[in-house]
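Taking it in order: structure first as structure tokens, then the write-up.
The values are calculated or read from the model by the stated rules, or taken from the named source; none is laboratory data. Keep in mind it's a predicted model, so treat the numbers as computed, not measured. As a convention, Cβ positions derive from the backbone with ideal geometry for all residues, glycine included, and neighbour counts pool all protein chains shown.
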Amino acid sequence: MTPSSMNARPLLNRRLAEFGTTIFAEMSALAVRTGAINLGQGFPDTDGPEEVREAAVRALRDGRGNQYPPGPGVPELRTAVAEHQLRHYGLAYDPDREVLVTAGATEAIAASLLALVEPGDEVIALEPYYDSYAASIALAGGTRVPVTLRPRDGRFVLDLDELRDAVTPRTRLLLLNTPHNPTGTVLTREELAEIAKLAVERDLLVVTDEVYEHLVFTDETDGTTPAHLPLASFPGMRERTVSIGSAGKTFSFTGWKVGWVTSTPELVAAVRSAKQYLTFVASGPFQYAVAEALALPDSYFTSFREDMRAKRDLLSAGLTAAGFEVYRPAGTYFITTDIRPLGADRSGGGDGFAFCRALPERAGVVAIPNAVFYDHREAGAPFVRFAFCKRTEVLADAVDRLKAL
Ligand SMILES: *Cc1c(COP(=O)(O)O)cnc(C)c1O
């Protein structure tokens, strides 16, 4: 092919054309250039538990996982995932047939959609959504049908009637995420029960991204123990739900890219069919380390959550003091804010993109405009997301800087 004929058509195929470089790349580059504090991308600035790092070193030294691990994941990790689901949720999975280890939750999402969606199938996703959802649906040839979470009484709420109306005869699956990034919404027991009823009624598959399962914060209103409710635990759901977890989020090792899927043997086999031609396998030695991490005592999970809760409270208070309307998250490590209360001149007229592009110069902080997570960009325009998975002194510094607004 000559260069000119190559250029006759865009190089990037049609399925991916709408997805340029992610906003995270742009904003992280901006943070580096301006020396701003990066509360944009959601990665912790401290590593997870020392003993888990040591477990990875041991695995490397002992020659465990340095060559291709088994396709479904090493047995130690599959067993640990099954034991984790049983211990925390009372859900029993067979480690040999109902657990699949993936290259992070990202691959689990992509493989699930590539495996389960035919071109033309509709996939319902909660908007705003994690950025890889749209691209994975597109790669699978599916049609994305967003159902928008709307702010009400300090929380982004799923309208169950809107969800019900979004289901058509072409709907193949619901792609859910709870706790929800970027809004911090945790679907309630009642909401999950309704979603389950709908999925059973309309015979839908559900892929549920629960990577923030251990970041559900105390419910101060009723004093209950914070607990994640997996959708798979609702009546009729275990047999139609693909549940996704990640060591990146639960143990603060986002660079290790260890995730997992739990589901029925049939669904796991389907997802594995796609997964084997994506990475085949990944993260060999880290899989052994994550197996040990999943077996950590409850005290690890409690202090991880309480530590993040304190960070949430610190940054929420700082953002409120700076003039933002804060949607205090019930889960995840993100806070969504509304910039409009800052006033038209200081909020850039409520344009989150313009606001975030100017924020490093104005206040030395980087944030992400939520509009990038929307199909209906105007619905997300005034919202801006801050990550609080950072050291306390970094958050305190950011809060100080934001006073400049
Ligand atoms: C971070 C994140 C992921 C990706 O997890 P990895 O294990 O790093 O691939 C998936 N879903 C949501 C909602 C996330 O925030």
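Every listed requirement among (1) of a type outside the set (A, V, I, L, M); (2) closer than 15 Å to Tyr212 by Cβ; (3) touching a Phe, Trp or Tyr at 6+ places or on another chain (Cβ under 7 Å); (4) buried (at least 23 other Cβ atoms within 10 Å of the Cβ) is met by Gly259 save one, (3).
Whenever a residue of the range 82-107 is on the phi > 0 side of the Ramachandran plot, its partners that are within 16 Å of the ligand (Cβ to nearest atom) and in a helix (DSSP H, G or I), lying with C-beta atoms within less than 8 angstrom and at least six residues away or across chains, give the pairs Gly104/Gly248. The set of residues from the range 58-86 being within 17 Å of Arg97 (Cβ to Cβ), among the hydrophobic types (A, V, I, L, M, F, W, C) and touching a helix residue (DSSP H, G or I) at 6+ places or on another chain (Cβ under 9 Å) comprises Val74, Leu77, Ala80, Val81. The residue that is nearest to the ligand (Cβ to nearest atom), among those in the range 253-274 that are over 13 Å from Arg238 (Cα atoms) and part of a strand (DSSP E or B), is Gly259. Select from the range 348-360 the residues that are touching a residue at least 40 places away in the same chain (Cβ under 8 Å) and either buried (at least 20 other Cβ atoms within 10 Å of the Cβ) or farther than 24 Å from Cys389 by Cβ (or both) and list them in ascending order. Of everything in the range 348-360, those that are touching a residue at least 40 places away in the same chain (Cβ under 8 Å) and either buried (at least 20 other Cβ atoms within 10 Å of the Cβ) or farther than 24 Å from Cys389 by Cβ (or both) turn out to be Cys356, Leu359, Pro360. What's the total number of residues in the range 238-276 that are of a type in the set (A, V, I, L, M, F, W, C) and in contact with a strand residue (DSSP E or B) (Cβ under 8 Å, 6 or more places away or on another chain)? Qualifying residue count, the range 238-276: 9. On the stretch given as the range 60-119, residues that are in a helix (DSSP H, G or I) and of a type outside the set (A, V, I, L, M, F, W, C) total 15. Looking across the range 161-190 at every residue that is under 21 Å from Val242 (Cα atoms) and part of a helix (DSSP H, G or I), the one that is nearest to the ligand (Cβ to nearest atom) is identified as Leu163. Name the single residue that is farthest from Glu325 (Cα to Cα) among those in the range 346-382 being in contact with a Pro (Cβ under 6 Å, 6 or more places away or on another chain) and of a type in the set (A, V, I, L, M, F, W, C). Per the stated criteria, the residue is Phe373. Take Glu292 and decide whether it is touching a residue at least 60 places away in the same chain (Cβ under 8 Å), touching a helix residue (DSSP H, G or I) at 6+ places or on another chain (Cβ under 8 Å) and surrounded by fewer than 17 Cβ atoms within 10 Å (Cβ to Cβ). When the stated conditions are applied, Glu292 does not pass them. Pairs meeting the criteria (first residue in the range 43-61 and more than 23 Å from Arg385 (Cα to Cα), second residue assigned to a loop (DSSP other than H, G, I, E, B) and aliphatic (A, V, I, L, M), beta carbons under 9 Å, at least 6 apart or on different chains) are Pro49/Leu296; Glu51/Leu296; Val52/Leu296.
Taking Gly350, is it of a type outside the set (Val, Ile, Thr) and touching a helix residue (DSSP H, G or I) at 6+ places or on another chain (Cβ under 7 Å)? Yes: the conditions hold for Gly350. Assigned to a loop (DSSP other than H, G, I, E, B), touching a helix residue (DSSP H, G or I) at 6+ places or on another chain (Cβ under 9 Å), closer than 21 Å to Thr262 by Cβ and modelled with pLDDT of 95 or more - does that describe any residue in the range 120-139? No; the residues of the range 120-139 include none that is assigned to a loop (DSSP other than H, G, I, E, B), touching a helix residue (DSSP H, G or I) at 6+ places or on another chain (Cβ under 9 Å), closer than 21 Å to Thr262 by Cβ and modelled with pLDDT of 95 or more. For the criterion of being within 16 Å of the ligand (Cβ to nearest atom) and more than 17 Å from the chain's Cα centre (by Cα), Leu231 fails. For the structure I just gave you, tell me whether Ala140 is without any contact (Cβ under 8 Å) to a residue 60 or more places away in the chain and crowded, with 19+ Cβ neighbours inside 10 Å. Spelling it out, Ala140 is indeed without any contact (Cβ under 8 Å) to a residue 60 or more places away in the chain and crowded, with 19+ Cβ neighbours inside 10 Å. Would the range 309-323 turn up any residue that is within 15 Å of the ligand (Cβ to nearest atom) and either buried (at least 17 other Cβ atoms within 10 Å of the Cβ) or β-branched (Val, Ile, Thr) (or both)? So far as the range 309-323 goes, no, none of its residues is within 15 Å of the ligand (Cβ to nearest atom) and either buried (at least 17 other Cβ atoms within 10 Å of the Cβ) or β-branched (Val, Ile, Thr) (or both).
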